[in-house]
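Enquirer: Can you read through this structure? Questions will come right after.
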Amino acid sequence: MKEELKNLPQKAKEKHSENRKFFGKLRKKPPKNLDYLMSELHEKEFSKTDCLECANCCRTTGPLFTDNDVVRIAKHLRLKPQLFIKQYLKIDEDQDYVLQNVPCVFLGEDNYCSIYEVRPKACREFPHTDRKKFQQISALTLKNVAICPAAFNIVEEMKKNIKF
Ligand code: SF4
Ligand code: SF4
């Protein structure tokens, strides 16, 4: 996995132009069965992916924290929400709460998340490859294929399965 992660940014760079064109067409003409196809490709890829061997998302990019996330996680840590924010979060250029630093402070050396049960919604849903109307998150996915090997593989499979 280490080698795969090391090569991933370069592989994503090489595919960037092809992927950009593909998503451009997908946005204009999403196939009728896209939700079904994404759910299938996502299941197939994650049935053979061990995120505990990877944790690249937690290591290299942080989630954004919704107000609900803040309240839930602060309660779990027995902190007042304001103290949790002060201790762990900052506001980014889009005015969202994000981690002060990456790797994520809640990531253990064994790649386990110490707040797994109450982790942010964005962590639960990453890399969003099974969400409905997948064509709407093309820009985000173009970035995620350089971070997440599973997302990279899913996009490669999409290109094999969807012909314009
Ligand atoms: S909260 Fe947990 S799942 Fe989310 S980035 Fe941190 S370690 Fe990863
Ligand atoms: S979601 Fe992707 S980047 Fe995150 S741990 Fe799993 S395979 Fe790695």
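The values are calculated or read from the model by the stated rules, or taken from the named source; none is laboratory data. Here the structure is a predicted model, which means the values were calculated and not measured. Cβ: placed from backbone, ideal geometry, glycine included. Neighbour counts: every protein chain shown. Side chains are part of the model used for accessible areas, which takes the heavy atoms of the whole protein and leaves out ligands, DNA and RNA. Shrake-Rupley method; radii C 1.70, N 1.55, O 1.52, S 1.80 Å.
Enquirer: Looking only at the range 112-144, count every residue that is farther than 22 Å from residue 9 by Cβ and within 9 Å of the chain's Cα centre (by Cα) and tell me the total.
Expert: 2
Results for (1) without any contact (Cβ under 8 Å) to a residue 60 or more places away in the chain; (2) surrounded by fewer than 15 Cβ atoms within 10 Å (Cβ to Cβ); (3) farther than 15 Å from residue 128 by Cβ, shown as yes or no for each residue.
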site	(1), (2), (3)
3	yes, yes, yes
6	yes, yes, yes
13	no, yes, yes
21	yes, yes, yes
26	no, no, no
30	no, no, yes
42	no, no, no
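Yes/no per residue for (1) near ligand 1 (Cβ under 10 Å from one of its atoms); (2) out of contact with any Gly (no Cβ under 9 Å at 6 or more places or on another chain):
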position	(1), (2)
53	no, yes
65	yes, yes
75	no, yes
96	no, yes
104	yes, no
118	yes, yes
149	no, yes
160	no, yes
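Enquirer: I'm trying to understand the selection: among the residues of the range 122-134, which are surrounded by 17 or more Cβ atoms within 10 Å (Cβ to Cβ) and away from ligand 2 (no atom under 15 Å from the Cβ)?
Expert: Residue satisfying the conditions is 134 alone.
Enquirer: Quick test for you: out of 119, 72, pick the one residue that is of a type in the set (Lys, Arg), more than 16 Å from ligand 2 (Cβ to nearest atom) and more than 25 Å from residue 6 (Cα to Cα).
Expert: None of the others qualify; the one that does is 72.
Enquirer: Now for a separate question. Any chance you could count how many residues in the range 147-164 are more than 10 Å from ligand 2 (Cβ to nearest atom) and outside any helix (DSSP H, G or I)?
Expert: 3
Enquirer: Just one of (1) open to solvent by 70 Å² or more (accessible area, probe 1.4 Å); (2) within 20 Å of residue 124 (Cα to Cα); (3) outside any helix (DSSP H, G or I) trips up residue 90, so point out which.
Expert: (2)
Enquirer: Continuing with the same structure: Taking the range 93-121 only, how many residues are open to solvent by 50 Å² or more (accessible area, probe 1.4 Å) and in a helix (DSSP H, G or I)?
Expert: The qualifying residues number 3.
Enquirer: If we scan the range 53-62, do we find a residue that is under 15 Å from the mean Cα position of the chain (by Cα), more than 9 Å from ligand 2 (Cβ to nearest atom), under 19 Å from residue 112 (Cβ atoms) and surrounded by 13 or more Cβ atoms within 10 Å (Cβ to Cβ)?
Expert: Yes: one or more hits.
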